[in-house]
Amino acid sequence: MNGDNSGVVVLRLTYEACLERLESLRAKMLIAAKQYGMSHPIVLTYSKEIDLIHNYLLEMESKRSFPKT
């Protein structure tokens, strides 16, 4: 393994794949929040992953011009 990435696997998703993943996580988060409450660890985990994907999408948008859907 290359020493540059310190064992971290980086997966680059397409813009569309990121949007699909974001919507899927959002739906799961809403279901979990209704079932367990907003402060449950699984809800917070979904929220953090949604934030990461959202930030990645914003980064992609700033570097290129993507059509808004």
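The values are calculated or read from the model by the stated rules, or taken from the named source; none is laboratory data. Remember, it's a predicted structure, so these values are computed and weren't measured experimentally. Because the Cβ atoms are built from the backbone with ideal geometry, glycine has one as well, and the counts that use them run over all protein chains shown. Accessible surface is based on the protein model in full, side chains and every heavy atom, while ligands, DNA and RNA are left aside. Shrake-Rupley method; radii C 1.70, N 1.55, O 1.52, S 1.80 Å.
Restricted to the range 1-43, and to residues there that are assigned to a loop (DSSP other than H, G, I, E, B), of a type in the set (A, V, I, L, M) and open to solvent by less than 90 Å² (accessible area, probe 1.4 Å), the residue that is modelled with the lowest pLDDT is V8. Restricting attention to the range 46-66, and to residues there that are out of contact with any helix residue (DSSP H, G or I) (no Cβ under 9 Å at 6 or more places or on another chain) and not hydrophobic (A, V, I, L, M, F, W, C), which single residue is modelled with the lowest pLDDT? Step by step, filter the range 46-66, then rank; the result is S65. Of the residues making up the range 46-62, those that are polar (S, T, N, Q) and either open to solvent by 80 Å² or more (accessible area, probe 1.4 Å) or over 13 Å from L22 (Cα atoms) (or both) are N55, S62.
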